[in-house]
1. Out of (1) within 16 Å of the ligand (Cβ to nearest atom); (2) within 30 Å of residue 61 (Cα to Cα); (3) not in a loop (DSSP other than H, G, I, E, B), what's the single condition that is false for residue 204?
2. List the number of the failed condition for residue 118; all other conditions in (1) away from the ligand (no atom under 16 Å from the Cβ); (2) in contact (Cβ under 8 Å) with a residue 12 or more places away in the chain; (3) under 26 Å from residue 243 (Cβ atoms) hold.
3. Can you name the condition, by its number, that residue 75 falls short on among (1) over 16 Å from residue 201 (Cβ atoms); (2) touching a residue at least 24 places away in the same chain (Cβ under 8 Å); (3) surrounded by 15 or more Cβ atoms within 10 Å (Cβ to Cβ); (4) touching a helix residue (DSSP H, G or I) at 6+ places or on another chain (Cβ under 9 Å)?
4. Please note which strands (runs of 3 or more DSSP E) are completely contained in the stretch 88-176 and include at least 1 residues that are touching a helix residue (DSSP H, G or I) at 6+ places or on another chain (Cβ under 9 Å) and surrounded by 15 or more Cβ atoms within 10 Å (Cβ to Cβ).
5. Name the residues in the stretch 177-194 that are crowded, with 19+ Cβ neighbours inside 10 Å, within 16 Å of the ligand (Cβ to nearest atom) and not in a loop (DSSP other than H, G, I, E, B), would you?
6. Does the stretch 57-72 contain at least one residue that is within 16 Å of the ligand (Cβ to nearest atom), over 30 Å from residue 264 (Cβ atoms) and buried (at least 18 other Cβ atoms within 10 Å of the Cβ)?
7. Which residue out of 104, 26 is modelled with pLDDT under 95 and either under 27 Å from the mean Cα position of the chain (by Cα) or closer than 30 Å to residue 213 by Cβ (or both)?
8. Could you grab me the full set of residues in the stretch 53-87 that are part of a loop (DSSP other than H, G, I, E, B) and under 27 Å from residue 144 (Cα atoms)?
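The values are calculated or read from the model by the stated rules, or taken from the named source; none is laboratory data. Keep in mind that this is a model prediction, so the values were computed, not measured. Note that each Cβ is placed from the backbone with ideal geometry, even for glycine, and that neighbours are counted across all protein chains shown.
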Ligand SMILES: [Fe+2]
């Protein structure tokens with residue numbers, strides 16, 4: 001047995017009496033993978049210290065309103081992986097994706113067809129209409145669609161308390177008896193994830209971008225069904241193939257077109273999974 005193998009065996013041996021079986025499983029796997037990583041890249045002492053400095057800085061950037069660790073998890077695709085593994089939905093249901101950091105509970109109730117745009121905005125006005133159903137196509141009446149989106153300036157209301165009304169581009173819609181809904185908003189535009197900290201430096205150092213493609217967030221809830229947290233993406237948006245947080249699913253991309261009323265609109269149906 002090589003010296004690194006012996007070292008690993010000795011470390012894992014210290015966990016043989018760990019009282020919490022789940023914590024033991026997680027710790028043993030973390031240690032095995034960490035050691036394998038260090039050996040695979042043949043980590044130098046300087047690189048080890050650069051890593052320590054990066055992780056230290058990541059923690060130091062965290063405040064009540066800035067979570068650099070979650071940003072790191074997002075940009076490494078770990079947040080999306082956890083969502084994928086935890087949302088085991090039936091075939092034929094709408095894909096889920098990440099919640100993101102800009103959800104604020106308590107959005108105002110909006111009437112069917114009402115716009116959730118409150119503040120002045122240069123963006124194109126759009127309509128998102130569709131139907132919420134179960135996997136068999138039965139309409140779900142009274143389903144809640146909790147929606148939020150960034151303004152055309154590139155920021156969510158929660159990011160700009162001095163520039164935007166708190167309720168801007170936020171709204172809770174409910175489906176009608178036939179399961180249909182109609183949301184009025186502005187066309188979603190790309191926006192940057194926070195890139196002025198250590199995670200941004202790591203992205204730049206690897207020639208990666210920090211712009212998310214335009215999307216509207218929707219959190220669907222209906223009695224007897226699993227909650228669905230997802231996005232609706234615009235097919236014409238830039239950055240669809242390089243989302244820094246890996247939230248894009250092909251099935252969630254939609255097309256806005258001029259409808260008979262001259263409005264830019266899209267039809268996007270949601271299929272929920274029974275709880
Ligand atoms: Fe977003």
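1. Of (1) within 16 Å of the ligand (Cβ to nearest atom); (2) within 30 Å of residue 61 (Cα to Cα); (3) not in a loop (DSSP other than H, G, I, E, B), only one is false for residue 204: (1).
2. For residue 118, the exception is condition (3).
3. Of everything listed in (1) over 16 Å from residue 201 (Cβ atoms); (2) touching a residue at least 24 places away in the same chain (Cβ under 8 Å); (3) surrounded by 15 or more Cβ atoms within 10 Å (Cβ to Cβ); (4) touching a helix residue (DSSP H, G or I) at 6+ places or on another chain (Cβ under 9 Å), residue 75 misses just condition (1).
4. 144-148, 170-174
5. Matches in the stretch 177-194: 183, 185, 186, 191.
6. Within the stretch 57-72, one or more residues are within 16 Å of the ligand (Cβ to nearest atom), over 30 Å from residue 264 (Cβ atoms) and buried (at least 18 other Cβ atoms within 10 Å of the Cβ).
7. 104
8. If the condition is that a residue be part of a loop (DSSP other than H, G, I, E, B) and under 27 Å from residue 144 (Cα atoms), then 87 is the only one that fits.
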